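What follows is a set of notes on a single structure, which appears directly below.
The values are calculated or read from the model by the stated rules, or taken from the named source; none is laboratory data. The structure displayed is predicted, hence computed values, not measured ones. For neighbour counting, all protein chains shown are included, and Cβ atoms are generated from backbone atoms with ideal geometry for every residue, glycine included. Ligands, DNA and RNA are excluded from the accessible area calculation, which covers all protein heavy atoms including side chains. Shrake-Rupley method; radii C 1.70, N 1.55, O 1.52, S 1.80 Å.
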Amino acid sequence: MAMGVLLIFMLVVPMVLSQDGGLIDDDQGSFQSNRSDSLTFSDMPYISTSVTVPENFNHREPPPTENGQVDMNCSVIILSLDTLTQYKIFRDTAFYIDFVLACQWRDTRLLKFRSENNTGSSYIHGNIWRPTIETSVLSNEYRSRSDFFPTVLLNDGSVIWAQKFSLNQACLMNLRNYPHDLQCCAVALLTYGGVKAMWNEPKYWVPNSSVVATLMSSLRSDFLIDGINFTSYVGSYFAPDNVCVYQRGFCDYQGSDACTRMKCTDADNLHKHECIKCNHYGGRCTTPTFKECFNNTSRGLSTKNMLSSTTLEFKLLLRRHAEYGFIYAYAPTSGIVILSWISFWLDPHSAPARTGLGVTTVLTMISMNMRASDAELGYIRAIDVWLFVCKNFVCFALMEYAVVNFLVTTSPPEPKDVQPCVEAEHIDDDLLGNREKGFKSLLREDKNKQDLSMFDDAADSKCKKKVYNIRKGSFSDEVKPRKPSKTRQEYADQLDSVCRIVYPMMFTLFIIGYGLIVRYQQNYDNC
């Protein structure tokens, strides 16, 4: 019974805990940007000209604007997301991520460097003003950045600039529900120097995507992406209470795991409709909400203040692959627990077989418990509870045989069979007048020479024939035998029989309770 429940648990629960694995929906919603046009890279004219910025250009001065702040629209494409790794030295976790940040802002000062006949888009050569962007990483040795493609100047003075980031990003993880944990890992991009950064698609950007698009076919991680939260806020390290979120949005990525099973990185499949969506997957994004934060100068939330910074943050809602826990944790340990129950069907006198089976299963569970406890954490995880209970089941099975062996080895030998009693249907009248001693002596000379204890008041309990009562001078009715008490051997056999039923039932109840509690604790409330 326990094996059947375990199989159902292993087949049904991963489907409940994981996401819909269906095909990519053609009606995938995209981010509704504020721009009036919907130009993409395919609409961008061929760029054959370039603009050279002189060396005396003041690239440290931000572009002049009416309100004193540079409005910058940015978007991100996640190229790869690697496995989360725990660093015992820092007692922290980090994940490796590659993404391209593309931003657009206006700098009309650059238009004067174009030739008179150049009215289209051009590449920019030389130093121009670019926003200062900082990221938070675990260690600087894992941090790198590079220009993704040359900076482009559009005919209205807008600048499109893209940069690739390779980060070993720190992530504060809560592993209490491991291996069914949900994690929130954020990447924050801080901008300084009077910049109001917004999540919005630049011109000539990826078609039918969102502000946080993902190359799903290249993700190789222990987690699935459930969704992405993106926010923009202004604040200052020197005034932590003056933080204001002025943009907030969400993209639902449910169903994106179908892309990880497709070979969309092959050149022969890049043109397919499904692969185009997977390589620029944006999820179903809601229209972001906005809030005014920059008019309240009394709180110091001004982009002119160099102590203030605006931050673009996208937070990955990650769900661990449920199959990993079942293959490498639940299935092996459950098999060991069920294997320990074979001891209940073995002969209690075969001590080497039952002892060897019990000790082997206990040592195997201890080794698996030590292997799963590599992470140095200060709290108990769900997998620790599972291993602890499984180890106790195996230990109790070994202890049960210790009790059975004690009962078997200390049980007294069974009594020999008592000879059948002599039927006393008729006795001579002369015999009835004798005393007990003479009466017994006469009967000993009988040819059957049977035991005369049947005529005593304390006759054997196994004698079922009529017994002559000397004192009453008559035969008594048939003596009822006394119920013999159970021997220790019988108690040992009964204990094995009970354990054959109780152990599977208790383990089945534990599996059901464990699954319900783990499912109940799965939420993104702390994100």
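Data table
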quantity: Which listed residue, of Phe406, Phe396, is open to solvent by 90 Å² or more (accessible area, probe 1.4 Å), at pLDDT 85 or above and over 40 Å from the mean Cα position of the chain (by Cα); calculated: Phe406
quantity: The lone exception for Met198 - which of (1) more than 14 Å from Ala102 (Cβ to Cβ); (2) among the aliphatic types (A, V, I, L, M); (3) in contact (Cβ under 8 Å) with a residue 24 or more places away in the chain; (4) open to solvent by 10 Å² or more (accessible area, probe 1.4 Å) it fails; calculated: (1)
quantity: Failed criterion for Met454 (all others in (1) touching a Ser or Thr at 6+ places or on another chain (Cβ under 9 Å); (2) buried (at least 17 other Cβ atoms within 10 Å of the Cβ); (3) at pLDDT below 55 hold); calculated: (1)
quantity: Segments classed as strands (runs of 3 or more DSSP E), wholly inside region 99-168, with at least 1 members that are of a type in the set (Gly, Ala, Ser) and open to solvent by less than 50 Å² (accessible area, probe 1.4 Å); calculated: 122-125
quantity: Cβ pairs under 6 Å, 6+ apart, first in region 63-79 and over 30 Å from Arg220 (Cβ atoms) and in a strand (DSSP E or B), second open to solvent by 20 Å² or more (accessible area, probe 1.4 Å) and modelled with pLDDT under 90; calculated: Val70/Pro62; Asp71/Lys196
quantity: From the options Thr287, Thr265, residue that is open to solvent by 20 Å² or more (accessible area, probe 1.4 Å), at pLDDT below 85, among the β-branched types (Val, Ile, Thr) and assigned to a loop (DSSP other than H, G, I, E, B); calculated: Thr265
quantity: Total residues in region 232-245, condition surrounded by fewer than 20 Cβ atoms within 10 Å (Cβ to Cβ) and in a strand (DSSP E or B); calculated: 8
quantity: Hits in region 181-192 - residues which are closer than 16 Å to Phe223 by Cα and either open to solvent by less than 10 Å² (accessible area, probe 1.4 Å) or without any contact (Cβ under 8 Å) to a residue 60 or more places away in the chain (or both); calculated: Asp181, Gln183, Cys185
quantity: Every residue from region 490-514 that is surrounded by fewer than 16 Cβ atoms within 10 Å (Cβ to Cβ) and among the hydroxyl-bearing types (Ser, Thr, Tyr); calculated: Tyr491, Ser497
quantity: Condition check for Gln163: out of contact with any Asp or Glu (no Cβ under 9 Å at 6 or more places or on another chain), closer than 30 Å to Leu224 by Cβ and of a type in the set (S, T, N, Q); calculated: no
quantity: Hits in region 316-326 - residues which are of a type in the set (A, V, I, L, M) and modelled with pLDDT under 85; calculated: Ala322
quantity: Every pair of residues 6+ apart whose Cβ atoms lie under 7 Å, when the first sits in region 128-152 and is farther than 22 Å from Pro63 by Cα while the second is open to solvent by 60 Å² or more (accessible area, probe 1.4 Å) and at pLDDT 85 or above; calculated: Arg145/Lys164; Ser146/Lys164; Phe148/Lys164
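Residue-by-condition table, conditions (1) touching a Pro at 6+ places or on another chain (Cβ under 7 Å); (2) of a type in the set (Ser, Thr, Tyr):
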{"position": "Ile160", "(1), (2)": "yes, no"}
{"position": "Ser166", "(1), (2)": "no, yes"}
{"position": "Leu182", "(1), (2)": "no, no"}
{"position": "Leu190", "(1), (2)": "no, no"}
{"position": "Glu201", "(1), (2)": "no, no"}
{"position": "Trp205", "(1), (2)": "no, no"}
{"position": "Met216", "(1), (2)": "no, no"}
{"position": "Leu219", "(1), (2)": "no, no"}
